[in-house]
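Only one structure is covered here, and it is reproduced in the block below.
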Amino acid sequence: VLKLFKLLHRTRQEVFKNDTRALEAARQKINEEFRNNQDETSEEKINELLKIASDVEVILRTSVIQAVHTDSDKIVLIPRKDLLQDNTPYLDKPTKK
């Protein structure tokens, strides 16, 4: 449980880097959820909560991207390495294998 708690906070710090409002909101939400369930004794319920927390960490790490307004009509995206993937070139004519 503690390992996952720390992992969520490390992911939060990486995903919301330089965004103090988002960092604080995510910190409060993570702490609140773990605090609300700290007295849980059912092994089944604990495993379910750990699965949810693990899924949230993966979603944060792989799906959230920061954007910064630079002008009234421009936004700059700040991708992380976790979001970048190798690009597969488009082929007009499929090749036979």
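What single numbered condition from (1) modelled with pLDDT of 90 or more; (2) of a type in the set (Val, Ile, Thr); (3) exposed (fewer than 11 other Cβ atoms within 10 Å of the Cβ) fails to hold for residue 30?
(3) is the only condition that residue 30 fails.
Which of the residues that make up the stretch 50-78 are in a helix (DSSP H, G or I) and either of a type in the set (Asp, Glu) or over 28 Å from residue 36 (Cα atoms) (or both)?
Of everything in the stretch 50-78, those that are in a helix (DSSP H, G or I) and either of a type in the set (Asp, Glu) or over 28 Å from residue 36 (Cα atoms) (or both) turn out to be 55, 57.
Within the stretch 53-79, which residues are of a type in the set (Val, Ile, Thr) and surrounded by 10 or more Cβ atoms within 10 Å (Cβ to Cβ)?
Matches in the stretch 53-79: 56, 58, 59, 62, 64, 65, 68, 76, 78.
Out of all the residues in the stretch 80-94, is one or more open to solvent by 100 Å² or more (accessible area, probe 1.4 Å), farther than 17 Å from residue 2 by Cβ and at pLDDT 85 or above?
No, the stretch 80-94 has no match at all.
Quick check on the stretch 9-31: of everything there that is part of a helix (DSSP H, G or I) and of a type in the set (Lys, Arg), which residue is farthest from residue 50 (Cα to Cα)?
In this case the residue turns out to be 21.
The values are calculated or read from the model by the stated rules, or taken from the named source; none is laboratory data. All of these numbers come straight from a predicted model, not from anything done at the bench. Glycine gets a Cβ as well: all are built from the backbone with ideal geometry, and neighbour counts include every protein chain shown. What goes into the accessible areas is simple: the full protein's heavy atoms, side chains included, and nothing from ligands, DNA or RNA. Shrake-Rupley method; radii C 1.70, N 1.55, O 1.52, S 1.80 Å.
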